[in-house]
Amino acid sequence: MTALLTEKNGTAPRSTAPGSPPSARRRRPGRERAFDDVPRWQIYLPLGLYLLFTLVPFYWMLLFAVRPAGSTSLVPWPMTGAHFSKVWNERSFAVFFQNSMIVGVATLVATTLVALAGGYALARFDFRIKGAFMLALLCSQFIPGALMLVPLFEIFRNLQMINSLGSVVIAETVFQLPLSIILISGFIKNVPVSLEEAAWVDGCSRFAAFRTVVLPLLRPGLIAVGSFAFVHSWNHFLFALMFLSEQDKQTIPVGLNTLIGADSVDLGALAAGGVIAAVPVVVVFAFIQKWLITGFSAGAVKG
């Protein structure tokens, strides 16, 4: 009967897979591309409004930084670098920048190394208190840093580390470690254990297998975790304010606070200091953007 209908109509009947759902059999051509028919303005308009809302404060800060004092123009012309010269030379921002860079880089290195060791232990070893330890790491994120100022101050005073950049580095590292360990542990779990086992079979020790096989695959995760630690320590104000008293040991957030007087505020100098403080953060995030969207273990195991 089917053959007769085929000869009569000149068309072959369409066949569907036995296990396919009825909705898939009755799907009309082009239905799966209905989302592509959305007008582009409905996508670009909300994104443009959000971008405008985000960039306007930065433009306003840049405008005050390069606009001459007393000017009310909304266009930064003529431009001047007097505010940058003032904060860099007269307000000791060169020293603040150097101190912030030392704290940021030291926190990055310390946080990455300790988080790498702790994350590997959580990802590859099973021990009795592993669940309780993970719960403690998560719960520590709910403790505000302000609650720990007095205990930390007493500890650093007994260690004679007050007014030392090392105290800020230790405090920043301790508060960055819980989240960093959890993130690194997740990255290591995504690396198949079979890669390390193959290296063990070839004669590598556990450390050699980790260094030659696992560590290269963790590069995007390490860069992301280290960058977040750097940015947080670069912008953090509270620890530097409490543990550093001398001006030549202060960081950029504390230096920005010194530009705000009791009776007046130098908006040009404050905006210039804000631009100086924002440049390293923008550079760091521009650098790590490609690492955050790259599949770091794609294609590691075949078959």
Search result, residues across the stretch 82-115 that are open to solvent by 40 Å² or more (accessible area, probe 1.4 Å) and outside any helix (DSSP H, G or I): Arg91
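Mind listing whichever residues of the stretch 186-208 are hydrophobic (A, V, I, L, M, F, W, C), assigned to a loop (DSSP other than H, G, I, E, B) and under 18 Å from Gly118 (Cα atoms)?
Val191
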Complete set of residues in the stretch 116-135 that are under 15 Å from Gly226 (Cβ atoms) and either open to solvent by 40 Å² or more (accessible area, probe 1.4 Å) or out of contact with any Gly (no Cβ under 9 Å at 6 or more places or on another chain) (or both): Leu116, Ala117, Gly118
Top-ranked residue in the stretch 194-242 [being of a type in the set (Ser, Thr, Tyr) and crowded, with 19+ Cβ neighbours inside 10 Å; ranked as farthest from Glu154 (Cα to Cα)]: Ser227
Exclusive hit being among the hydroxyl-bearing types (Ser, Thr, Tyr) and over 30 Å from Gly255 (Cβ atoms), set Ser194, Ser167: Ser194
The stretch 58-81 residues that are free of Cβ contacts under 8 Å to residues at least 40 places away in the same chain and open to solvent by 100 Å² or more (accessible area, probe 1.4 Å), paired with ones that are not basic (Lys, Arg) and not in a loop (DSSP other than H, G, I, E, B) (beta carbon under 6 Å, 6 or more apart): Met79/Val66
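Output the residues belonging to the stretch 169-193 that are surrounded by 14 or more Cβ atoms within 10 Å (Cβ to Cβ) and farther than 30 Å from Phe243 by Cα.
Within the stretch 169-193, Ser185, Phe187, Ile188, Asn190, Val191, Pro192 meet the criteria.
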Criterion (part of a helix (DSSP H, G or I) and either over 24 Å from Phe64 (Cα atoms) or modelled with pLDDT of 90 or more (or both)) met by exactly one of Gly226, Gly274, Gly255: Gly226
Yes/no for Leu108 being over 23 Å from Pro280 (Cβ atoms), at pLDDT 80 or above and not hydroxyl-bearing (Ser, Thr, Tyr): no
Residues located in the stretch 136-163, provided they are of a type outside the set (Val, Ile, Thr), surrounded by 13 or more Cβ atoms within 10 Å (Cβ to Cβ) and not in a helix (DSSP H, G or I): Met161, Asn163
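The values are calculated or read from the model by the stated rules, or taken from the named source; none is laboratory data. This is a predicted model, so every value here is computed, not measured. Here Cβ is always computed from backbone atoms with ideal geometry, including for glycine, and neighbour counts include all displayed protein chains. Surface accessibility is based on the protein's heavy atoms, side chains included, excluding ligands, DNA and RNA. Shrake-Rupley method; radii C 1.70, N 1.55, O 1.52, S 1.80 Å.
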